[in-house]
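Worksheet for the structure shown next.
The values are calculated or read from the model by the stated rules, or taken from the named source; none is laboratory data. Please read these numbers as outputs of a predicted model, since none were measured by experiment. Every residue, glycine among them, receives a Cβ derived from its backbone with ideal geometry; neighbour counts consider all protein chains shown. Accessible surface is based on the protein model in full, side chains and every heavy atom, while ligands, DNA and RNA are left aside. Shrake-Rupley method; radii C 1.70, N 1.55, O 1.52, S 1.80 Å.
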Amino acid sequence: MAGFRVPGLPVGGLRMIPHPAVMLVLDFGASPSTVEDGAGRRHRGSLVAGPGLGSGGGIRAWGEQVECVQVRLSPVVARAVLDACPADLADSLVSLDDLWGREASRIRGQLGEIPSWEDRFAFTEALLARRLEARSPVDPAVAWAWNRIVVSRGLVRVDHLAAELGWSRKRLWSRFHSCLGIPPKYAAKLVRFDHAAHRLVAGDRAARVAADGGYCDQSHLHRDVMAFTGTTPATMLGEPFLTVDDRAWPTMEHLPTTDVSTDRVGSRRSPRIRRVVETPVSETS
């Protein structure tokens, strides 16, 4: 979870780097930010972006006097929190007004009246927890498969997941895609890229990142970065979004616990993941 108070985004907009999460942006500033998708369509104000949005480097954001709370939702909880079908969010931007109607406007007004980031984060966490508790959780077997992908950093084989569940590859693909909006193989590729990207930002050598991340070689890593971001690894290192938030709500330790053998789902308390950016984004890169 991150808070933004940015006087102005850079000319040409801020590139959005793909992430293995559903991004929820709660805009409450005097001038709503604008996000342009790869087809040239522009979206203003609060919005939701599906997992992996920004692949190819085609998504840009800009605005003046931007104020918002950004939450990266684990795909496992996104359906319940948003009350929306994940398949409708895949590789797309959706206005929060279209999903939540008048509630989106009420939330904007409430956030605008809250004086501190601490209280805004608390308000947002309570909102997410309330919506999560009010709706049915994702299929426990799909949640287990997603968790396995994340824990393995995208290196687990899809056929191994299916075998462990006692499912066919076709059934795993169908259930996973229906629940989370993306197929398991793409999910693994996205998780692998995200882990590699943050290691590169942390200063690890590309050759070591490629070797540890399951890439055939450094050229394979380079091609994956180009495919996801539309730019080279060296250029990607300066992207501000990569330095803001590298986790999704809830984190792995706080996701519902799942016992696939009995389909039992328990709950754990949600964490507080908070970062605030209150300077021009061009100065944070």
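Brief remarks on what is shown
- Selected residue (criterion: nearest to residue 58 (Cα to Cα)) from residues of the range 202-225 that are surrounded by 16 or more Cβ atoms within 10 Å (Cβ to Cβ) and among the hydrophobic types (A, V, I, L, M, F, W, C): 225
- Close pairs from the range 156-170: first free of Cβ contacts under 8 Å to residues at least 60 places away in the same chain, partner part of a loop (DSSP other than H, G, I, E, B), Cβ under 7 Å, at least 6 apart: 162/168
- For the residues 163, 129, the requirement of being out of contact with any Asp or Glu (no Cβ under 9 Å at 6 or more places or on another chain), assigned to a helix (DSSP H, G or I), modelled with pLDDT of 95 or more and surrounded by 13 or more Cβ atoms within 10 Å (Cβ to Cβ) singles out 163.
- Considering the range 166-191, and only residues there that are within 22 Å of residue 84 (Cα to Cα) and aromatic (Phe, Trp, Tyr), the residue that is least open to solvent (accessible area, probe 1.4 Å) turns out to be 176.
- Number of positions in the range 83-114 that are assigned to a strand (DSSP E or B) and either surrounded by fewer than 16 Cβ atoms within 10 Å (Cβ to Cβ) or modelled with pLDDT of 95 or more (or both): 1
- Pairs where the first residue, in the range 191-208, is in contact (Cβ under 8 Å) with a residue 40 or more places away in the chain and within 14 Å of residue 235 (Cα to Cα) and the second is open to solvent by 60 Å² or more (accessible area, probe 1.4 Å) and of a type outside the set (Gly, Ala, Ser), C-beta under 6 Å, 6+ apart: 198/246; 201/237
- Filter result for residue 143 (touching a strand residue (DSSP E or B) at 6+ places or on another chain (Cβ under 8 Å), part of a loop (DSSP other than H, G, I, E, B) and surrounded by 14 or more Cβ atoms within 10 Å (Cβ to Cβ)): no
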